[in-house]
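A.B. asks: Dumping the structure here so I can ask a few things about it.
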Amino acid sequence: EAPHRLAATLQALADAGAAERACLIARELTKLHEQFSRGSVGQLQRMFGGAAADGAVPRGEFTIILSPISAEEMQVRAEVANEGRERSGELLLRER
């Protein structure tokens, strides 16, 4: 990710429900001064968002690695999606 978009990208991830997911942000990979920041998306958003708010845009190129969702979360999402499809089907039948 580009430095000027990093805080906004982390905010978008948090807004999408990933605030508690584990995340790694790597800066300047394959270079002499590699840096790694680990935490939840929310923690890293506060860290990098605070720097951007102070006008201190981080330098370099960033790689964001997000942990996969848990099996429980995947099951909940599947149930919500199925419930939504069932409701849509019921509405279509009522309209006919």
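A.B. asks: Inside segment 59-87, can you point out the residues that are in contact (Cβ under 8 Å) with a residue 24 or more places away in the chain and of a type in the set (S, T, N, Q)?
C.D. replies: T63, S67
A.B. asks: So, one more: In segment 56-83, which residues are under 22 Å from H33 (Cβ atoms), open to solvent by less than 80 Å² (accessible area, probe 1.4 Å) and not β-branched (V, I, T)?
C.D. replies: A56, P58, G60, F62 - these are the residues of segment 56-83 that are under 22 Å from H33 (Cβ atoms), open to solvent by less than 80 Å² (accessible area, probe 1.4 Å) and not β-branched (V, I, T).
A.B. asks: Which condition number does S70 fail, the rest of (1) modelled with pLDDT of 90 or more; (2) over 14 Å from the mean Cα position of the chain (by Cα); (3) polar (S, T, N, Q) being met?
C.D. replies: (1)
A.B. asks: Oh, and also: If we keep just the residues of segment 17-45 that are modelled with pLDDT under 90 and open to solvent by 80 Å² or more (accessible area, probe 1.4 Å), which is farthest from L66 (Cα to Cα)?
C.D. replies: L32
A.B. asks: Whether any residue in segment 30-37 is β-branched (V, I, T) and either in contact with a helix residue (DSSP H, G or I) (Cβ under 6 Å, 6 or more places away or on another chain) or closer than 20 Å to A8 by Cβ (or both) is what I want to check. Please lay out each step first, then the result.
C.D. replies: Start the filter on segment 30-37 by keeping residues that are β-branched (V, I, T), which leaves 30.
This time we only want the ones that are either in contact with a helix residue (DSSP H, G or I) (Cβ under 6 Å, 6 or more places away or on another chain) or closer than 20 Å to A8 by Cβ (or both), so: none.
The answer is no; no qualifying residue exists.
The values are calculated or read from the model by the stated rules, or taken from the named source; none is laboratory data. As the structure is a prediction and not an experimental result, all values here were calculated from the model. Because the Cβ atoms are built from the backbone with ideal geometry, glycine has one as well, and the counts that use them run over all protein chains shown. Only protein heavy atoms, including side chains, enter the accessible area calculation; ligands, DNA and RNA are left aside. Shrake-Rupley method; radii C 1.70, N 1.55, O 1.52, S 1.80 Å.
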